[in-house]
1. Of (1) in a helix (DSSP H, G or I); (2) at pLDDT 80 or above, Asn39 satisfies all except one. Which?
2. Among what's in the stretch 51-70 and is at pLDDT 95 or above and hydroxyl-bearing (Ser, Thr, Tyr), pick the residue that is least open to solvent (accessible area, probe 1.4 Å).
3. Checking Ser15 against (1) open to solvent by less than 80 Å² (accessible area, probe 1.4 Å); (2) in a helix (DSSP H, G or I); (3) modelled with pLDDT of 90 or more: exactly one of these is not met. Which one?
Amino acid sequence: IFNSVKSIVGGELTSYKEMLDDTRSTAIDRMRSQAISMNADAIISVRISTSSIVDGASEVMAYGTAVKYK
């Protein structure tokens with residue numbers, strides 16, 4: 001309820017921000033794990049996307065190109 005009121009009158013929704021920060025970190029960790037499993041040396045062109053699925057729910061995606069140096 002407090003976050004709903006705060007979103008109307010303005011201000012940072014601290015708990016929501018922290019949740020999104022944690023979720024972004026998880027998405028990056030998963031991307032990194034996939035690159036490691038492919039024996040990649042680096043990930044280039046990394047993008048992080050956050051979108052609203054339904055009211056009160058969001059999804060976070062991290063993607064990039066895994067590369068192997070010669």
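1. Just one mismatch for Asn39, condition (1).
2. Result: Thr65.
3. Going through the list (1) open to solvent by less than 80 Å² (accessible area, probe 1.4 Å); (2) in a helix (DSSP H, G or I); (3) modelled with pLDDT of 90 or more, Ser15 breaks only (3).
The values are calculated or read from the model by the stated rules, or taken from the named source; none is laboratory data. Because the structure is a prediction, the values reported are computed rather than measured. All accessible areas refer to the heavy atoms of the entire protein, side chains included, with ligands and DNA or RNA removed. Shrake-Rupley method; radii C 1.70, N 1.55, O 1.52, S 1.80 Å.
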